[in-house]
Ligand SMILES: NC(=O)c1ccc[n+]([C@@H]2O[C@H](COP(=O)([O-])OP(=O)(O)OC[C@H]3O[C@@H](n4cnc5c(N)ncnc54)[C@H](OP(=O)(O)O)[C@@H]3O)[C@@H](O)[C@H]2O)c1
C-alpha cells in the first residue's frame, strides 16, 4: 500500500511527521513542486519523499490536506480516480451552504473525484495537535473515520491505527458529516474534541 499527502502546510507536515514516527514511507506534494518541500522533508526524515503532484497521485491512498476549494484543481490532475482511497482532511469552514448546494462538503469532494472512495478523517483537530505524539498517558488520541465504502474505511482505519491513533467510526459520510464537518460558519459538535482511548 502506498501513501501520499497533497499539501505541505500545517496539516500535511503534521501528518507527514506521524508517518515518520511510525516508520511508514509517504510521498508529499504541493502546488509549487518537490523542490519547495525538500527542506521540510529533510527535517522530518527520509521516510518523507517530496514528489510532483502527478507522482503523488499515483499512491493507493491519497490524503487531501489542501484548502477545501483546491480539491477541484487536484481532481483535474488525474484522468481517473477509479479505485483510489482518498482521505479528505479539508474543512469547508466559512463556505456558504449555497455554494455547496446545501450538501456536506465531503459530498462535494466525492462528486469531484468520480470512482474514488472518499473517507473523512483527521479534520477535527488543529494541525498543532495532529503533530503531537498520539500516544499519551497509556491511551491513544482519537481520530474519527467516516466513509461509504467498507473496504476503504477498513484501509483508513488500519492506517490511523498504524499511525498510533485510536480510530473511532462515525458511520457513513452522511452520518459522520453531521458530527465532524464544518457547515458555513459553524463547527460540528465533535470538531476540536481532543479525546483519548485507553485501547486503540
Ligand atoms: N490548520 C489546521 O489546524 C487544520 C486542521 C484540520 C483540518 N484542516 C483543513 O486541512 C486543509 C489544509 O489546511 P492547512 O492549514 O494545512 O493549509 P495550508 O497551511 O494553507 O496548506 C495548504 C497546502 O495545500 C497546498 N495546495 C493548495 N492547493 C493545491 C493544489 N491545487 N494542488 C496541490 N497542493 C495544493 C498548498 O501548496 P503550496 O504550499 O504550494 O501553496 C499548501 O502546501 C484545509 O482544508 C483545512 O481546512 C486544517
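Only the coordinates and a few stated rules stand behind these numbers; no lab work does. None of the values given here were measured: they were computed from a predicted structure. Ideal geometry is used to build each Cβ from the backbone, glycine not excepted, and the neighbour counts take in all protein chains shown.
Being on the phi < 0 side of the Ramachandran plot, within 16 Å of the ligand (Cβ to nearest atom) and either surrounded by fewer than 16 Cβ atoms within 10 Å (Cβ to Cβ) or assigned to a loop (DSSP other than H, G, I, E, B) (or both): is that true of residue 191 here?
yes
For region 1-24, give me each residue that is within 22 Å of residue 88 (Cβ to Cβ), part of a helix (DSSP H, G or I) and out of contact with any strand residue (DSSP E or B) (no Cβ under 7 Å at 6 or more places or on another chain).
10, 11, 13, 14, 17, 18, 22
When you check residue 128 against the structure, is it within 16 Å of the chain's Cα centre (by Cα), outside any strand (DSSP E or B), farther than 22 Å from residue 17 by Cβ and within 16 Å of the ligand (Cβ to nearest atom), yes or no?
So residue 128 does not fit the description; no.
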